[in-house]
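Written below as structure tokens is the structure these notes are about.
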Protein chains: 2
Amino acid sequence: MQNQFQSKLQPDDPVEKILTGDRATGQLHIGHYIGSLQQRVELQHKYQQTILVADLQGLTDNGNNPRKVSSNILNVVADYLAVGIDPSKTTICLQSAIPALAELTMYYSNLVSVARLQRNPTVKNEIASKSFGSSIPTGFLMYPISQAADITAFKATLIPVGDDQLPMIEQTNEIVRKLNSIAQEEILVECRPLLSKVPRLPSTDGKSKMSKSMGNCILLSSSEKEITKAVKSMYTDPNHLRIDDPGQVEGNVVFTYLDAFHPDINYVNELKVKYQQGGLGDGTTKKILEECLQEIIKPIRERREMFIADKAQLIDILRQGSEKSQDESNQVLNRVKKAFGLNLFG
Amino acid sequence: MQNQFQSKLQPDDPVEKILTGDRATGQLHIGHYIGSLQQRVELQHKYQQTILVADLQGLTDNGNNPRKVSSNILNVVADYLAVGIDPSKTTICLQSAIPALAELTMYYSNLVSVARLQRNPTVKNEIASKSFGSSIPTGFLMYPISQAADITAFKATLIPVGDDQLPMIEQTNEIVRKLNSIAQEEILVECRPLLSKVPRLPSTDGKSKMSKSMGNCILLSSSEKEITKAVKSMYTDPNHLRIDDPGQVEGNVVFTYLDAFHPDINYVNELKVKYQQGGLGDGTTKKILEECLQEIIKPIRERREMFIADKAQLIDILRQGSEKSQDESNQVLNRVKKAFGLNLFG
């Protein structure tokens, strides 16, 4: 599957920097694969790419259950390596291991009002979807500031995002402009979204986001049997009772997945026509999808098993990436401190 | 003047740790001297004392005017030395030079709700007294979390505060208890207030807080002439028109200052009786106060001039204190990270 990007490097552009990452709150699944991981594997050949394992951000809504974060850090790194992210091309680093990110967040927090954070559409939607009640953690409300710290610390100019994350880019650039205005020089660089046109993959039950705890997703570590079971239970067209009945393709998770994963788009289109006319059973479409998914996941799962078995190597990759990132981010931090006049010790 | 403290060391207590500090937003004045600096000079002989020059906290309401902070850091250090704080006994350190403080703030921010911060009486009062309008900086709202980071990073158990700062102690201890409950062990120690009974010294115009920009305060660097002028302009009893009239002592700034600064309390009481009876002029009481203040400030001013002339020495003191504090606070940070399971690199 080819991704198309809104932003393109101009021939005379220097190599741009990309920052992406994932909250370390669970293993990655095929939604991540199609939505971002596959793209990152391509991007690492064209750009300077840093991937942040966002453990601190993961804590912003798991403060009372930190094991959900700590137990998934190496899982996420293994997922990266398994899909083909190459640590010699992409810097993989751990948010909590880079003190400058917390320090920058503190500086930037003086430039953003509480009201501005509360108006952020992404944060508003996420708060509505979570069960915080009246107890929104302060860390959660301010995570757009923390993201701005991440982005600017790496001088990232291209940020792969979905539509729903555009307000984060806007918030970051507001901070960049404010800081540059205080410094009277261009200390920080603005960033642009690298919009992915891949829509968010629905869960296997067609209901919502994929989540391991809901049992409605296919992980990159899923076994052959788990994939079989997941595809079998997949939501199709509830009114398509007999094979000969005309079936509906929209909202039919099997076809959404075929669109996303099957290599032959023409073949998928033929299947759709047949399904809509009647005469194609869910058993058949599921079998086609299952074969396709098994083929994609098998090599990923096998590589993943190899990587997750060597935790010391994973830690080492993360440590090396984090050390490199410390140097980079400390340079930015020093410039920001200088802008605030707080560079007393040089 | 003797200060009395609510908390007292028990004979079998280990030497407790004290954390105090000042926002670096202006030179210190005689209100600081009588309210806290004098006390600190005594405390440094009895306790392990750390004084934090709070430049980051100073930025929380000066994000757009950072020079107000940066230009005052060394002023504050010179003030400390001038009154007799001894860097061989008291650690003097700079908040922005201690990355663990920002990192701890980030961790703790996940344990405190936005609503909890908004209910904090100290923050509410301060917000009401400032001209933020609807633009309360996020950093300002969360400064109780930042203070909790400061206190816990130094394992401070005694915090010299005024009554109005008690909610800060409470907020800190809430965080301590939450974190210890997550860690299932006593990672952080609770702190207690060391309540000063010295009431806040009014400004010379009797109106509000002392402020250099309002021209209603006597700085530790004030010249003889400035002190003369400040005392002459001091607010007394507006109805005490002739020397023979009975005068009012309550709200009369000259008497408030005599109470605070004059070494002979009996003599001050005699003056009060005479003033209330009639027969004592403001010129006389002001002269007595002025002599007393000149005597107190002269040696401080002279020492201050010496210290402020050697900026390299001030920076060096601050650097040494900050380096020591980095080690201390990193130890606490590591324990907190371990509590959250984020100690992957040991």
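Values in this text are rule-based calculations from the coordinates and carry no lab data. In this text, all values refer to a predicted model and were calculated from it rather than measured experimentally. Glycine also receives a Cβ, built like all others from the backbone with ideal geometry; neighbour counts cover every protein chain displayed.
Overall shape of chain B was characterised from the C-alpha gyration tensor. The equivalent ellipsoid obtained from it has semi-axes of 39, 21, 20 Å, in decreasing order.
Taking amide H as placed 1.01 Å from N in the peptide plane, the amide H of B:Ser113 sits under 5 Å from that of A:Thr138, each at least 5 places away or on another chain.
Does region B:201-346 come out rounded, prolate or oblate by the C-alpha gyration tensor, with a ≥ b ≥ c the root eigenvalues, rounded set by a/c under 1.5 and, if not, prolate when a/b is larger than b/c and oblate if not? Prolate shape, in that a/c is at least 1.5 and a/b is the bigger ratio. The GluC sites (Glu not before Pro) of region A:222-281 that DSSP puts in a loop, and whose beta carbon has at most 13 other beta carbons within 10 Å, are A:Glu250. On a per residue basis, the convex hull of the C-alpha atoms belonging to region A:132-210 measures out at 117 Å³.
On C-alpha positions alone, give me the angle between the axis of helix A:99-108 and the longest principal axis of chain A, in degrees, nearest 10. The helix A:99-108 is inclined about 80 degrees to chain A. With label points defined 7 Å past Cα in the direction of Cβ, position B:Asp205 shows copy-to-copy spacings of 6.7 nm, given to one decimal and shortest first. For A:His45, the label point sits 7 Å beyond Cα toward Cβ; its separations from the matching points on the remaining copies run 7.5 nm, from shortest to longest.
Overall shape: oblate for region A:73-130, with the ratio a/c of the largest to smallest alpha carbon gyration tensor axis at 1.5 or above and b/c at least equal to a/b.
In terms of surrounding Cβ atoms within a 10 Å radius of their Cβ, A:Ile288, A:Ile51 rank from fewest to most as A:Ile288, A:Ile51.
Counting Cβ atoms of other protein chains within 10 Å of each Cβ in A:181-190 and taking the mean gives 1. Relative to the first principal axis of the alpha-carbon coordinates of chain B, what is the inclination of helix B:282-308, with its axis defined by its Cα atoms, in degrees from 0 to 90 and to the nearest 10? Compared with the principal axis, the helix lies near 40 degrees. In terms of the Cα gyration tensor, with a ≥ b ≥ c the square roots of its eigenvalues, is region B:68-191 rounded because a/c is under 1.5, prolate because a/b exceeds b/c, or oblate? Oblate, because a/c is 1.5 or more while a/b does not exceed b/c. Counting Cβ atoms of other protein chains within 10 Å of each Cβ in B:90-98 and taking the mean gives 2.
Based solely on its DSSP helices, what 222 nm [θ] is calculated for chain A when runs of n ≥ 4 H residues each add -39,500 (n - 2.57) and the sum is averaged over all residues, nearest 500 deg cm²/dmol? Please list the in-between numbers first.
Details: 15 runs with 174 residues, N = 346.
Helix contribution divided over all residues of chain A: -15500 deg cm²/dmol.
Which order results if B:Leu104, B:Leu344 are arranged by neighbouring Cβ count within 10 Å, fewest first? Don't jump to the answer; show the numbers that get you there.
Values: B:Leu104 28, B:Leu344 20.
Neighbour counts put them in this order, fewest first: B:Leu344, B:Leu104.
Candidates B:Ile151, A:Pro202, A:Leu59 compared by Cα position along the dipole of the protein assembly as shown: farthest toward the positive end lies A:Pro202, with charges placed on Cβ. For the options B:Thr138, B:Thr236, B:Thr122, a Gaussian network treatment of chain B with springs between C-alpha atoms closer than 10 Å singles out B:Thr138 as fluctuating the most. When the Gaussian network model of chain B links Cα atoms closer than 10 Å, the mean-square fluctuations of B:Gln326, B:Gln276, B:Gln95 top out at B:Gln276.
Any idea what the relative contact order of region B:212-306 is, in percent, if you count C-alpha pairs under 8 Å spaced at least 6 apart?
On the way: 97 pairs, mean separation 33.2, N = 95.
Relative contact order comes out at 35 percent.
Look at the dipole of region A:212-306 built from charges on Cβ: of A:Ser233, A:Gly251, A:Asn266, the Cα furthest out on the positive end belongs to A:Ser233.
The angle separating the long axis of helix A:143-153 from the principal Cα axis of greatest extent in chain A is about 70 degrees. Who wins for biggest fluctuation among A:Gln277, A:Gln49, A:Gln331 in a Gaussian network model of chain A, springs between alpha carbons below 10 Å? The residue that fluctuates most here is A:Gln277.
Per-residue shielding of B:130-138, expressed as the average number of other chain Cβ atoms within 10 Å of the residue Cβ, stands at 5.
For region B:215-270, trypsin sites (Lys or Arg not before Pro) meeting the loop criterion (DSSP other than H, G, I, E, B) and having at most 14 other Cβ atoms within 10 Å: B:Arg242.
Strictly over 29 Å apart at the Cα level, which of A:Lys46/A:Lys124; B:Lys124/B:Lys155; B:Lys212/B:Lys298; B:Lys124/B:Lys225 would you flag in this model? Don't skip to the answer; put the middle values down first.
On the way: A:Lys46/A:Lys124 34 Å; B:Lys124/B:Lys155 27 Å; B:Lys212/B:Lys298 19 Å; B:Lys124/B:Lys225 39 Å.
Check vs 29 Å cut-off fails for A:Lys46/A:Lys124; B:Lys124/B:Lys225.
For region B:214-292, the fraction of C-alpha pairs more than 22 angstrom apart is 20%. Here is how far apart the A:Ala115 label points are across copies: 2.2 nm, shortest first, using a point 7 Å from Cα toward Cβ. Per-residue Karplus couplings for region A:59-66, computed as 6.51 cos²θ - 1.76 cosθ + 1.60 with θ equal to phi - 60°, are listed in order as 6, 4, 10, 9, x, 8, 9, x Hz, Gly and Pro entered as x. Normalised by residue count, the protein assembly as shown yields a Cα convex hull volume of 172 Å³ per residue. For the protein assembly as shown, what proportion of DSSP beta bridges, expressed in % and rounded to the nearest 5, is antiparallel? DSSP beta bridges in the protein assembly as shown are roughly 15 percent antiparallel.
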